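Just so it is clear, none of the values below were taken in a lab; they were calculated from the coordinates. Please read all numbers here as calculations on a predicted model, not as lab measurements. Glycine gets a Cβ as well: all are built from the backbone with ideal geometry, and neighbour counts include every protein chain shown.
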Amino acid sequence: MYNTIPDQFRKLAIENIFSTNTFQTCWQTWQPEILRLLGNNYGENQIINLGDHLSDIFKSTGGSGRGQGELSAGGTAWESLVCWYINLCTVGSRIVAVKKMSIVPKPIQHAITINYGNFACNTESDITIIIFPDLHEYNTNIEDLNILNFNGTAIPSIIKNKFNFEFSNYLTERDFHQFEIFWFAIISIQIKLRL
């Protein structure tokens, strides 16, 4: 198992998705269907083909309500399922899909914040995709890295068995021009025809 910086962020992104009650509830229905579709001896083709069935998997938890609460929970569940699937497809790569902006490295958060007078707004997209630079630091086990900050002091990658965000914030600031960021707004449009 890899333990690179992108892997750490992917783990945090997945933990964040599974921390919501909506996703946990839906996952009880989705997981058996996903496992059925993948089969016992699945490989990369089955994982990629799973994308063709995400909508049906999502619909398996659909209710009849059209109130704001149901729509909001449904939107959150769909975004979470898509984010989970993107991360599943990108395991072992430098690509990470994130729903919660607070786990994105601070330099990226600051770069996408818009200021309106004294009001700072970084309205979250539905999903943010981060492609980490193709540099040694992002392709190497974090326990094997020795990163020194601007003052020459070593920055630990792990503190108290948890990923150290100062570590990634420093590297993100240092290598900022080599990151790629994409935002996805997943929209659903319902059209009513009046005859």
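Worth pointing out:
- Residues 44, 173, 137 arranged by fewest to most Cβ contacts within 10 Å: 44, 173, 137
- Using a Förster distance of 25 Å, the FRET efficiency for residue 106-residue 59 (Cβ separation, nearest 0.05): 0.10
- Sum of side-chain charges, residue 18 neighbourhood, beta-carbon under 15 Å (Lys, Arg +1; Asp, Glu -1): +2
- Estimated FRET transfer efficiency (residue 176, residue 118; beta-carbon r; R0 22 Å; 0.05): 0.30
- Share of Cα-Cα pairs in the stretch 5-184 lying beyond 28 Å, as whole percent: 34
- Net charge contributed by nearby residues that have their C-beta within less than 15 Å of residue 93 (K/R +1, D/E -1): -1
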